[in-house]
Amino acid sequence: MSIYIGIWIDRRNAHIVSLSKRNPPEDGYEQAVETIASEVEPRLRLSGGSGVRGTPWGPQDVSVDSKSAARRKKQLEEYFDSVMDTIKGADRIFIMGPGETKNQLKNAINRTKALSGRVMMVETADKMTARQIAARVRDFYEIEDMG
């Protein structure tokens, strides 16, 4: 059975559209849509700081950014693992979304033995509704009839 996957992903959510052949194949494709919420914490933007009294450009308070960056990296890896667990039976994968998360997911997929080489294309796409995502995935795989 052929399973085609389309993923719209950003740091908050991954919307996964799965298209699989029905039995018998003349019946077309079956579509399923799943959303995975990320638990990646947002970046904190610190402003200001406290200068040393009497000098306007004294030392500033600095957050311990390396710990929060390491924590975010670990959360992102767990997010990608949950996405990859959902798509583990995929024959072809199409990834889209804004920012760099889509490319990071592609790299994570290519590092896994089970899914390596199955990413067909990565495309930049702004915010989309679930219906728009499903339509774009069907269009990418040139599937018109959903049976």
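Miscellaneous remarks
- Considering residues of segment 117-132 that are of a type in the set (Gly, Ala, Ser) and either at pLDDT below 95 or assigned to a strand (DSSP E or B) (or both) only, the residue surrounded by the most Cβ atoms within 10 Å (Cβ to Cβ): 130
- Residue satisfying all of: in segment 85-111; within 16 Å of residue 12 (Cα to Cα) and without any contact (Cβ under 8 Å) to a residue 60 or more places away in the chain; surrounded by the most Cβ atoms within 10 Å (Cβ to Cβ) among these: 104
- Residue in segment 134-142 that is outside any helix (DSSP H, G or I), under 20 Å from residue 18 (Cβ atoms) and in contact with a Gly (Cβ under 9 Å, 6 or more places away or on another chain) present: yes
- Some residue of segment 1-15 being modelled with pLDDT under 85 and surrounded by fewer than 18 Cβ atoms within 10 Å (Cβ to Cβ): yes
- Qualifying residue in segment 70-79 (condition: closer than 16 Å to residue 10 by Cβ, at pLDDT 95 or above and in contact with a helix residue (DSSP H, G or I) (Cβ under 6 Å, 6 or more places away or on another chain)): no
- Those residues of segment 77-91 which are touching a Ser or Thr at 6+ places or on another chain (Cβ under 8 Å) and under 23 Å from residue 126 (Cβ atoms), in sequence order: 79, 87
The values are calculated or read from the model by the stated rules, or taken from the named source; none is laboratory data. Everything quoted here is computed from the prediction, not taken from an experiment. With ideal geometry, Cβ positions are generated from the backbone for all residues, glycine too; neighbour counts draw on all protein chains shown.
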